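Each reported figure results from applying straightforward, stated rules to the coordinates on display, with no laboratory input. If you're wondering where the values come from, they're calculated on a predicted model, not measured in any experiment. Here the Cβ positions follow ideal geometry from the backbone for every residue, glycine too, while neighbour counts run over all protein chains shown.
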Amino acid sequence: MKRRDFLSKLGMGVAVTAVVPSMSLAADAPAPKGPNALSYKAAVEAVTGGKPVETSSKVHMKVPEIAENGAVVPVTVTVDNPMTESDYVKAIHIFATKNGNTRCIDVYLTPANGKAMFSTRIKLGQTQEVAALVELSNGKFLTAAQSVKVTIGGCG
Amino acid sequence: MGKRKSLIKIKPKKYKDGEIVKVSFMVMHPMETGMRKDKKTKKLIPALYINNVKFEYNGKVITTMKVWESLSVNPVFTTYMKVNGKGKLKVTFTDSSGEVNEKTKKIKPKG
């Protein structure tokens, strides 16, 4: 009996020590935030300055629905808008809505571009929406968003 | 002036004057977010990412970009450009450490 008691206690002890450190680690790790952390709402407001933003079918986003690797997610934004001197796309902003710093890139175009399109690759920390905010030369703001499922996060 | 490897690609390879071509600009850059830990020393790796990218065609700025750390390692920037005579396409990019790099490509329209 004694030996059996001892063994069972030993087993319990091992189990406890095995469980406790992993639990404490999980509790101690808050969402990591970088030096440039900014929420999606604040980032959009900083760009628009409080002006209304219209969800538009003119803005086309090409993002994979499921990204196996969050470190490399290709994003392409195309805008159905002419690029003439009087009417052109001024800027394209790309946001990852749940990253620490939601801002990815701000692209300022000119009529010399000929076509309003921009493509790059971004990092995504978790499953989230990727949003594009487009500023036209007449001061209007258009937006579009698409959700991306991320299997392995690519931040940190 | 730094020595980052970079590359400018133009598609299609043969183009005429006045044509709209696709311009891709690639850089070899680690794009550290400042949140990643070194696996051996368990210390945070300091942030190092590209800040600004500027496309200039014959001295005229055609596209500027403000970049944050959430772009992938070795980022690619693709956009379109209207060919307007012979000249040079110059891309200047700045690091968060202040390092400035440059890359130029000759633009030679045919026909």
Checklist line | When residues of the stretch A:45-63 are limited to those that are surrounded by fewer than 16 Cβ atoms within 10 Å (Cβ to Cβ) and closer than 30 Å to B:Pro46 by Cα, the one farthest from the other protein chains (Cβ to nearest Cβ) | finding: A:Glu45
Notebook entry, point to check: Out of all the residues in the stretch A:101-120, which are more than 7 Å from every other protein chain (Cβ to nearest Cβ) and under 17 Å from the mean Cα position of the chain (by Cα)?
Noted result: A:Thr102
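Yes/no matrix, rows are residues, columns are (1) buried (at least 20 other Cβ atoms within 10 Å of the Cβ); (2) in contact (Cβ under 8 Å) with a residue 12 or more places away in the chain:
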site	(1), (2)
B:Gly2	no, yes
B:Ile8	no, yes
B:Lys14	no, yes
B:Asp17	no, yes
B:Tyr57	yes, yes
B:Lys60	no, no
B:Met65	yes, yes
B:Thr79	yes, yes
Notebook entry, point to check: Hey, does the stretch B:55-65 have a residue that's more than 7 Å from chain A (Cβ to nearest Cβ) and over 23 Å from B:Ile107 (Cα atoms)?
Noted result: no
Check: Can we say A:Ala131 is of a type in the set (A, V, I, L, M, F, W, C) and surrounded by fewer than 20 Cβ atoms within 10 Å (Cβ to Cβ)?
Finding: no
Check: How many residues does the stretch B:60-111 hold that are charged (D, E, K, R) and within 13 Å of A:Val107 (Cα to Cα)?
Finding: 1
Notebook entry, point to check: So which residues in the stretch A:134-156 are within 24 Å of A:Lys51 (Cβ to Cβ) and either out of contact with any strand residue (DSSP E or B) (no Cβ under 8 Å at 6 or more places or on another chain) or crowded, with 23+ Cβ neighbours inside 10 Å (or both)?
Noted result: A:Val134, A:Asn138, A:Gly139
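Would you say B:Lys105 is in contact with a Leu (Cβ under 6 Å, 6 or more places away or on another chain) and either buried (at least 20 other Cβ atoms within 10 Å of the Cβ) or touching a residue at least 60 places away in the same chain (Cβ under 8 Å) (or both)?
Working: in contact with a Leu (Cβ under 6 Å, 6 or more places away or on another chain): yes; either buried (at least 20 other Cβ atoms within 10 Å of the Cβ) or touching a residue at least 60 places away in the same chain (Cβ under 8 Å) (or both): yes.
Yes; evaluated as a whole, the condition is true for this residue.
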Next item on the list: Collect the residues in the stretch A:115-154 that are in a loop (DSSP other than H, G, I, E, B) and touching an Asp or Glu at 6+ places or on another chain (Cβ under 9 Å), keeping them in residue-number order.
Entry: A:Ala116, A:Lys123, A:Ser137, A:Asn138, A:Lys140
Item checked: A:Ala42 free of Cβ contacts under 8 Å to residues at least 60 places away in the same chain and within 11 Å of chain B (Cβ to nearest Cβ) -> no
Notebook entry, point to check: What are the residues in the stretch A:78-93 that are exposed (fewer than 13 other Cβ atoms within 10 Å of the Cβ) and among the polar types (S, T, N, Q), if any?
Noted result: A:Thr84, A:Ser86
Check: Among the residues of the stretch B:29-54, which ones are without any contact (Cβ under 8 Å) to a residue 40 or more places away in the chain and either facing another protein chain (nearest Cβ under 7 Å) or of a type in the set (Phe, Trp, Tyr) (or both)?
Finding: B:Thr33, B:Gly34, B:Met35, B:Arg36
Check: Among the residues of the stretch B:86-93, is any under 28 Å from A:Val130 (Cβ atoms), at the interface with chain A (Cβ under 9 Å from one of its Cβ atoms) and of a type in the set (A, V, I, L, M)?
Finding: no
Next item on the list: Output yes when any residue across the stretch B:29-42 is in a strand (DSSP E or B), over 23 Å from A:Ser39 (Cα atoms) and within 13 Å of the chain's Cα centre (by Cα), and no when none is.
Entry: no
